[in-house]
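A quick write-up on the structure given underneath.
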Amino acid sequence: MKVLHVITGLGIGGAEQQLRLLLGKLPTDSAVVTLTNPGAVARGITADGFPVTDLGIRGNRDLGALPRLTRLIRDGRYDLVHTHLYRACVYGRLAARLAGVRTVVATEHSLGAGQIEGRPLTVGARALYLGSERLGTATVAVSTTVAHRLRRWGVHRDRIHVVPNGIDVPRFAHDETARQKARAELGLPVDAFVVGGVGRLSAGKRFDTLVRAVAALPAARLLLVGEGPERDRLRSLAAELGAADRVLLHGACEDPPPKPGSGGDTGPDLPSLLAAMDLLVSTSGDEAFGLAVVEGLAAGLPVLYVTCPALTDLPADAAPGARRISGTATDLVAELTTFQKQFTAGGGSHRLPVPPAARHYDISRSAEQLMSVYDHALRRNGGAPQRPVRRPATPEE
């Protein structure tokens, strides 16, 4: 099966890194087109052996990109086009149809309750999304929560399939040597109580609340892994609160890590950064999945979270080490104080067993589910599936 993946950009981000992880698990002949920003993840995908083409789009209204993408799809003679992220879905669905490819699958990675890909939802954005969605064959939601949001938007139930995000669970197994090495490289004391946060440094992630809470605990440290427009504001806030020396803004982390010799970052990888933490906190109040929470659980960390559809979709006992919190600064200070006391009384960090929730979201399982969507979509359009077809999951399942 020849599949072309079309994505808006390939800088370091959740959807981008999820695509790279999936490519290595899908039994397809795959290629990738990025509309813009062929960044670190593009280099990683290329190093993995998959061709990446940069379309060089100049903006949302660069209509000249449409015929270029159409020609590329037509010349590649693809069986299926799979689009990722809003702008790529709009351009990719239309280009695939113009190129004569009838089977088009799109993954909705970032539809929140009030935003899409970090931008406020508008009537115009919804109308354009729904108009282009009808040009496709199937829409993949990364959680049941997102599937319900798509239905409320107006996407027909029969077109929605749930394929959750996935992680390479064994990679996140706690390694004490990696913990010590990462702390040494980051300048974190061996015996320090380190609170962690992972995600894009944007206003919606509410990392400022986490900075304020850690600043209120004189002996605590904060390790934030991510990049984004709030970086300078968070740094300034830490300084205003007298905690500049206890708040470490590490920057984005490519995961999976770059291959040796590919020119990528050689610092600690994400499992090592999680190993350096004692507690993971997700302060975001609007998520499509909550990948960082699942990664933290796979690393054996206790987790506090405000919202996490990945856990909401599972039985309550699937993640005993995770607890939902209100997310207010007062509540967070109280929670962190409790964990810090336990840390001190217990003589340091203790890892939890990997819970069923983390194993449920193994990337191999996600790839298998996505292949079922591909086969179902091809059969629906009269194409030949590559193997016996299993009906893909619906939102209700």
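The values are calculated or read from the model by the stated rules, or taken from the named source; none is laboratory data. Please read all numbers here as calculations on a predicted model, not as lab measurements. All Cβ positions, glycine included, derive from the backbone under ideal geometry; neighbour counts span all protein chains shown. In case anyone asks, the SASA skips ligands and DNA or RNA and just uses the protein heavy atoms, side chains included. Shrake-Rupley method; radii C 1.70, N 1.55, O 1.52, S 1.80 Å.
The table that follows gives values for the structure above.
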{"quantity": "For peptides 307-319, 13-25, sequence by mean Cβ density within 10 Å, most packed first", "calculated": "13-25, 307-319"}
{"quantity": "Under 5 Å, built H, 5+ apart or other chain: amide partners of Q115", "calculated": "L121"}
{"quantity": "Accessible area expressed per residue, the chain, with surrounding protein chains retained (probe 1.4 Å, Å²)", "calculated": "42"}
{"quantity": "Residue-by-residue Karplus 3J(HN,Hα) for segment 55-72, coefficients 6.51, -1.76, 1.60, Hz, glycine and proline x", "calculated": "6, x, 5, 9, x, 4, 10, 7, 5, x, 6, 5, x, 5, 5, 4, 4, 4"}
{"quantity": "Relative contact order computed over segment 222-338 (Cα-Cα under 8 Å; 6+ residues apart), in percent", "calculated": "17"}
{"quantity": "P(r) tail fraction, segment 287-350 - alpha-carbon pairs more than 21 Å apart, %", "calculated": "28"}
{"quantity": "Amide H partners (placed H, <5 Å) of G251, local residues excluded", "calculated": "G226"}
{"quantity": "Ordering of 175-182, 152-159 by burial proxy (mean other Cβ atoms within 10 Å per residue, highest first)", "calculated": "175-182, 152-159"}
{"quantity": "Selection from G44, Y129, V33 lying farthest towards where the dipole of segment 1-134 points positive, charges on Cβ", "calculated": "Y129"}
{"quantity": "Accessible carbon and sulfur surface of the chain relative to its total accessible area, %, 1.4 Å", "calculated": "52"}
{"quantity": "Cα-centre dipole for the chain with unit charges at Cβ (Lys and Arg positive, Asp and Glu negative), debye to 20", "calculated": "1360"}
{"quantity": "Spatial separation of Cα centroids for segment 9-88 and segment 111-159, in angstrom", "calculated": "20"}
{"quantity": "Rg followed by Dmax, in Å, when segment 255-363 is reduced to its Cα trace", "calculated": "15.1, 47"}
{"quantity": "DSSP-defined antiparallel bridges as percent of all bridges, the chain, nearest 5", "calculated": "10"}
{"quantity": "Whole-percent pair-distance distribution, where bins are 5 Å wide, for the alpha carbons of segment 145-297", "calculated": "2, 9, 16, 19, 18, 14, 9, 6, 4, 2, 1"}
{"quantity": "In degrees, nearest ten, helix 14-23 long axis to first principal axis of the chain (Cα)", "calculated": "60"}
{"quantity": "Pairs of Lys in the chain closer than 29 Å at Cα, counting only those 8 or more apart or on different chains", "calculated": "7"}
{"quantity": "Taking the chain and dividing mean pair separation by its residue count, relative contact order in percent (alpha carbons under 8 Å, at least six apart)", "calculated": "17"}
{"quantity": "Square roots of five times the Cα gyration tensor eigenvalues for segment 57-170, Å", "calculated": "23, 17, 14"}
{"quantity": "Cα-centre dipole for segment 97-242 with unit charges at Cβ (Lys and Arg positive, Asp and Glu negative), debye to 20", "calculated": "640"}
{"quantity": "Most mobile listed residue (E287, E295, E185) in the chain, GNM with C-alpha springs under 10 Å", "calculated": "E185"}
